[in-house]
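The values are calculated or read from the model by the stated rules, or taken from the named source; none is laboratory data. These numbers come from a predicted model, not from an experiment. In this analysis, Cβ positions are derived from the backbone assuming ideal geometry, glycine residues included, and neighbour counts consider all displayed protein chains. Please note that ligands, DNA and RNA were not included when accessible areas were found on the heavy atoms of the full protein model with its side chains. Shrake-Rupley method; radii C 1.70, N 1.55, O 1.52, S 1.80 Å.
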Amino acid sequence: MDVADARAGTEQETPIFQEPGEEAELAYGCNRLIALFDPDIDAVAALSRACAVAGLDPVPEYRTAEVPEQDWVKLTQSQFAPLQVSARLWVVPSWHAAPDGSAINIVLDPGLAFGTGSHPTTRLCLDWLDRHLFPGNSVVDYGCGSGILAIAAAKLGAGRVVGVDIDPQALVTSRYNAEQNRVAATFVGADGSRPRPADVVMANIFSNPLKILAPLLAQLTVPGGHVVLSGILAPQARAVADAYLEWFDMEPPVEEQGWIRLCGKRVK
């Protein structure tokens with residue numbers, strides 16, 4: 001089942017960016033519902049019953065269509081192609097050949113954890129690593145998701161690399177992806193032992209957790225080290241940056257498609 005804004009793509013579209021710590025928005029002002037039914041189920045009768053329970057009278061406009069049999073694996077794979085992040089860094093799904101064998105190629109299968117390189121927040125972090133990571137730097141990726149940032153750091157020459165996440169599935173995915181890329185990286189739960197402070201601490205999550213985690217991320221950053229933050233919408237950038245000013249000299253924000261990357265050097 002899929003629920004989306006019925007006015008998506010128009011001036012009346014209403015984005016919902018739900019974050020931890022915010023009051024939940026349960027639905028758009030006008031919703032489009034798509035549901036799949038087995039062929040032997042009366043979908044129209046099911047819709048009528050659902051509308052009765054929801055108090056919708058009359059039944060809203062609807063249409064039905066038969067979904068043909070497809071190779072869903074191939075269909076899903078066709079949506080992901082190799083992605084060039086920088087002059088030397090590519091993200092390549094495992095079923096594709098690397099377009100540039102001489103580049104630094106991150107082999108990654110889109111899965112249950114966030115981070116395929118296609119989202120601006122991930123690209124902003126990968127761009128920073130490509131431009132600013134020094135060989136041998138230690139890195140902590142807090143909220144590692146698929147492990148893409150930790151893997152990129154290792155392939156770019158980082159020394160000790162640790163990924164942290166609250167989601168056990170993300171840790172499983174990250175470890176698998178690290179093995180696929182033949183890099184040395186450790187992935188641990190957020191409720192486990194705290195990683196040692198690192199030269200670079202990255203967190204590509206949400207703005208509210210970034211503000212809450214500011215003291216912890218500061219503790220994880222060595223003096224003179226850098227914090228790299230993403231997952232921030234442009235209107236949220238000032239508040240997130242302010243949360244880190246006690247410990248970091250924050251640089252001007254970098255924006256891509258309305259998303260912000262914040263960087264700071266630990267000075268205290």
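Under the condition of being over 16 Å from the mean Cα position of the chain (by Cα) and among the polar types (S, T, N, Q), which residue from segment 205-264 is farthest from Ala153 (Cα to Cα)?
The qualifying residue farthest from Ala153 (Cα to Cα) is Gln236.
Select from segment 140-194 the residues that are of a type in the set (Val, Ile, Thr) and touching a residue at least 40 places away in the same chain (Cβ under 8 Å) and write down the one among them that is most open to solvent (accessible area, probe 1.4 Å).
Residues of segment 140-194 of a type in the set (Val, Ile, Thr): 140, 148, 151, 161-162, 164, 166, 172-173, 183, 186, 188.
Keeping just the survivors that are touching a residue at least 40 places away in the same chain (Cβ under 8 Å) gives 140, 148, 151, 173.
On the way: Val140: 0, Ile148: 5, Ile151: 0, Thr173: 20 Å².
If we take residues in segment 140-194 being of a type in the set (Val, Ile, Thr) and touching a residue at least 40 places away in the same chain (Cβ under 8 Å), then Thr173 is most open to solvent (accessible area, probe 1.4 Å).
For segment 218-229, name all the residues that are among the hydrophobic types (A, V, I, L, M, F, W, C) and crowded, with 20+ Cβ neighbours inside 10 Å.
If the condition is that a residue be among the hydrophobic types (A, V, I, L, M, F, W, C) and crowded, with 20+ Cβ neighbours inside 10 Å, then Ala218, Leu220, Val227, Val228, Leu229 are the ones that fit.
Pick from Asp5, Asp100: which is farther than 17 Å from Ile151 by Cβ, at pLDDT below 80 and surrounded by 13 or more Cβ atoms within 10 Å (Cβ to Cβ)?
Every option except Asp5 fails the conditions.
Identify the residue in segment 57-86 that is farther than 16 Å from Ile148 by Cβ, open to solvent by 90 Å² or more (accessible area, probe 1.4 Å) and not charged (D, E, K, R) and, among all such residues, is modelled with the lowest pLDDT.
Restricting to residues being farther than 16 Å from Ile148 by Cβ, open to solvent by 90 Å² or more (accessible area, probe 1.4 Å) and not charged (D, E, K, R), the top hit is Val73.
Mind listing whichever residues of segment 217-229 are touching a Phe, Trp or Tyr at 6+ places or on another chain (Cβ under 8 Å) and either part of a helix (DSSP H, G or I) or farther than 13 Å from Asp141 by Cα (or both)?
Leu217, Ala218
Sort out which residues of segment 258-268 are open to solvent by less than 10 Å² (accessible area, probe 1.4 Å) and among the small types (Gly, Ala, Ser), and write them in order of number.
Selection gives Gly264 alone.
Could you list, ordered by first residue, the pairs with Cβ atoms under 6 Å in which the first is in segment 230-257 and open to solvent by 30 Å² or more (accessible area, probe 1.4 Å) and assigned to a loop (DSSP other than H, G, I, E, B) and the second is at pLDDT 95 or above and not aliphatic (A, V, I, L, M), at least 6 apart or interchain?
Cβ pairs passing all conditions: Trp247/Arg266; Glu251/Cys263.
For segment 108-125, enumerate the residues that are modelled with pLDDT of 85 or more, touching a Lys or Arg at 6+ places or on another chain (Cβ under 9 Å) and surrounded by 24 or more Cβ atoms within 10 Å (Cβ to Cβ).
Leu124, Cys125
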